[in-house]
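The values are calculated or read from the model by the stated rules, or taken from the named source; none is laboratory data. Being a predicted model, the structure only gives us computed values, none of them experimental. Positions of Cβ are backbone-derived with ideal geometry, glycine not excepted, and every protein chain shown enters the neighbour counts.
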Amino acid sequence: MKLPHLFAGLFLVAPLLAAPPSVTTLTPAGGQRGTTAAVSATGTFDQWPAKVWCNTPGVTVTAEKEKGRFAVTLAADAPLGVVWLRFHTDSGASEPRPFVVGGLSEQAETEPNDDAKTAPAVTAPKVVNGVLAKNGDVDCFAVTLKKGQTLVASLDAHRTLRSPIDAVLQVTSADGTVVGQNHDARGLDPEVAFTAPADGTFAVRVFGFPSNPDSSIRHFGSPACVYRLTLTTEEFVDFASPLAVEAGKEATLSLSGWNLKANTATLGKADTLFGVAHPFAIAREPHPCHDLAAQTDKPLSPPFTATGRVRKETAPAVVPITAEAGKPLAIRLDSAALGLSLTPVLRVLDPAGKQLLKAEPAALGGGIDATFPPPKSGEYKVEVRDLFNSAGPRHLFRLQVTPAVPDVAATVAADRFTVVVGTPLDIPITVEKKNGFAGDLTAYAADLPDGVTMSLGTPAKPDPNAVVLRLTATKPGVSGRIRVGVGKKGDEAFKRVASALLPAYERTTPDLWLTVSPAAKK
């Protein structure tokens, strides 16, 4: 007679023992704004349906009846580019996963399509969502072109989606002759611009090798090797210059790419992106911005952001600046992070040509962060060259020089946390003090779920470079996005959000997730 009660208890406990969602890949990995995409999430969902949080307005995700299936609705004005989705249940949340909002119509890859004979037709402009699903897999797509038409084929796989492939793109003629090829145009992702010499149907072929090379000699594939292939004969903006403009001001940009109707465009006071096929971001800065292509030799005074280019392999770009003794400068330089080609080496020279500072990226594909303490007031030269002595139109860089003010950077060890009702959770926040920062720090938390409160915790060992945030919960079964960080005691305006590393994507996020679990029964 007691068995029904026993089974009822098991059913009540089971959801509490479920694991959080785990998502490895999304297929397709993006969609066109103004539409709803049917998306399959590969992973595990012990509880269903799961909910989905997005870091950007204009994106709504709802679970379907079938486990692992979601409807992703993209508003007509959803921002072009990458958004981040986090799947969650009462048990916890997944790591955020990227999803690309595009401006072109889309179609799904269909098999068989291993060669030109079986290649499905694609009417450009189009984005094809596909997967190199197994070793040896090759995907082909047929595009019909008129003589003189330029086809741009651009693959998005490793750089944005972190698919484990180093892909290759080829364009072949009807007889299989390779007439266009690229391997690494944007990081490990390829891009080809091909102009048809005559009317005809051409095949665009995709295959790849492991992004982490091994001893095998083969075409690599796995269910995780998802990609988005843009095929267009219309406007494709490769990049725009300058790379930064002053906030609140209009600017004229020089455009580089293919099939462009004009070589310039006006950036309005609120616009940030150019190009439907390939959105390109232009930074907005609160200080003067300069285009070195039109700049004289007059030195620039910090704070400023400048756009430059390494034009010759044997001649670095030189930016003259002014500086004051006793007032150190923070120098930031980016190129690869913007999808450009420069691997920078930066030097600061005094008027006599003596090197006072040399800096390189901490990792290949990264930018440069450096601090320069001027020994005297006067003029100096910032010199930028390519590590591999390369140069060209895509060797653009964005250089920012600002006063190196005392500041801190805050980090936490994970992007997800679980607090048990009745048991405080301590979250250590690691602090990196910069440029002589002084003062006592405290911790803060924002957007805490209902029933969760915060206080300061006590570190196990005294640490001047850490602050402990303590969370206490009274209500189980709630969860949500939170932000934590540090503030300066006595200065309410000084707050710095803490970020967590997402190792799979080599980026950080300030959007953490907190799950509240019930206390264990004794």
* Mind listing just one residue for me: the one in the range 264-301 that is of a type in the set (Ser, Thr, Tyr) and modelled with pLDDT under 95 and, of those, nearest to Leu346 (Cα to Cα)? => Thr296
* **Filter result (at pLDDT 95 or above and surrounded by fewer than 16 Cβ atoms within 10 Å (Cβ to Cβ)) within the range 74-103** => Ala75, Ala76
* Can you find even one residue in the range 302-310 that is of a type in the set (Gly, Ala, Ser), modelled with pLDDT of 95 or more and not assigned by TED's automatic domain parsing to the domain that holds Glu506? -> yes
* Might you let me know whether the range 109-116 holds any residue that is among the aliphatic types (A, V, I, L, M), in contact (Cβ under 8 Å) with a residue 60 or more places away in the chain and surrounded by 21 or more Cβ atoms within 10 Å (Cβ to Cβ)? => no
* Asked: For the range 255-265, which residues satisfy the criterion of being small (Gly, Ala, Ser) and within 24 Å of the chain's Cα centre (by Cα)?
  -> Ser256, Gly257
* Scan Asp463, Asp450 and give me the residue that is at pLDDT 90 or above and charged (D, E, K, R). => Asp450
* Check whether at least one residue in the range 21-32 is at pLDDT below 95 and buried (at least 16 other Cβ atoms within 10 Å of the Cβ), and report yes or no. => no
* **Considering residues of the range 67-94 that are in a strand (DSSP E or B) and without any contact (Cβ under 8 Å) to a residue 40 or more places away in the chain only, the residue farthest from Val276 (Cα to Cα)** => Arg69
* Filtering the range 432-479 down to residues that are in a loop (DSSP other than H, G, I, E, B), aliphatic (A, V, I, L, M) and within 33 Å of the chain's Cα centre (by Cα), which residue is farthest from Thr89 (Cα to Cα)? -> Ala438
* Name every residue in the range 176-225 that is surrounded by 13 or more Cβ atoms within 10 Å (Cβ to Cβ), closer than 15 Å to Thr150 by Cβ and acidic (Asp, Glu), in order of residue number. => Glu191
* Asked: In this structure, is Phe99 touching a Ser or Thr at 6+ places or on another chain (Cβ under 8 Å), of a type in the set (Phe, Trp, Tyr) and closer than 30 Å to Trp513 by Cβ?
  -> no
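Checking the conditions here, which among Ser256, Ser241, Ser222, Ser216 is of a type in the set (S, T, N, Q) and touching a helix residue (DSSP H, G or I) at 6+ places or on another chain (Cβ under 8 Å)? Show your work before the answer.
Details: Ser256 fails: touching a helix residue (DSSP H, G or I) at 6+ places or on another chain (Cβ under 8 Å); Ser222 fails: touching a helix residue (DSSP H, G or I) at 6+ places or on another chain (Cβ under 8 Å); Ser216 fails: touching a helix residue (DSSP H, G or I) at 6+ places or on another chain (Cβ under 8 Å).
The unique qualifying residue is Ser241.
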* Only one residue in Gly148, Gly248 is in a loop (DSSP other than H, G, I, E, B), over 18 Å from Asp137 (Cβ atoms) and either without any contact (Cβ under 8 Å) to a residue 40 or more places away in the chain or aromatic (Phe, Trp, Tyr) (or both). Which one? -> Gly248
* Structure fact -> Over the range 282-312, the set of residues surrounded by 15 or more Cβ atoms within 10 Å (Cβ to Cβ) and of a type in the set (Gly, Ala, Ser) is Ala283, Ala306, Gly308
* **Flag for Ala414 being in contact with a strand residue (DSSP E or B) (Cβ under 9 Å, 6 or more places away or on another chain), closer than 30 Å to Thr160 by Cβ and assigned to a loop (DSSP other than H, G, I, E, B)** => yes
* Asked: Is it fair to say Gly365 is loosely packed, with under 15 Cβ neighbours inside 10 Å and touching a Gly at 6+ places or on another chain (Cβ under 7 Å)?
  -> yes
* Give the residues of the range 34-46 that are surrounded by fewer than 19 Cβ atoms within 10 Å (Cβ to Cβ), not hydroxyl-bearing (Ser, Thr, Tyr) and not in a strand (DSSP E or B), sorted by residue number. => Gly34, Asp46
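How about the range 151-179: which of its residues are assigned to a loop (DSSP other than H, G, I, E, B) and either under 29 Å from the mean Cα position of the chain (by Cα) or of a type in the set (D, E, K, R) (or both)? First the steps, then the outcome.
If we filter the range 151-179 for residues that are assigned to a loop (DSSP other than H, G, I, E, B), which is where we start, we get 157, 162-164, 173-177.
Within the range 151-179, Ala157, Arg162, Ser163, Pro164, Asp175 meet the criteria.
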* So which residues in the range 490-522 are loosely packed, with under 11 Cβ neighbours inside 10 Å and modelled with pLDDT of 90 or more? -> Pro503
* Looking only at the range 329-349, decide whether some residue is acidic (Asp, Glu) and crowded, with 19+ Cβ neighbours inside 10 Å. => yes
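Picking from Glu324, Glu246, Glu250, which residue would you name as being within 30 Å of Lys434 (Cβ to Cβ) and either crowded, with 18+ Cβ neighbours inside 10 Å or outside the structural domain of Asp369 (by TED's automatic domain parsing) (or both)?
Going through Glu324, Glu246, Glu250 in turn, the sole match is Glu246.
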* Asked: Going by the conditions given, is Thr423 surrounded by fewer than 17 Cβ atoms within 10 Å (Cβ to Cβ), out of contact with any Phe, Trp or Tyr (no Cβ under 9 Å at 6 or more places or on another chain) and either under 28 Å from Thr509 (Cβ atoms) or of a type in the set (Gly, Ala, Ser) (or both)?
  -> yes
* To do: State whether the residues of the range 110-117 include one that is under 30 Å from Ala63 (Cβ atoms), touching a Ser or Thr at 6+ places or on another chain (Cβ under 8 Å) and of a type outside the set (Val, Ile, Thr).
  => no
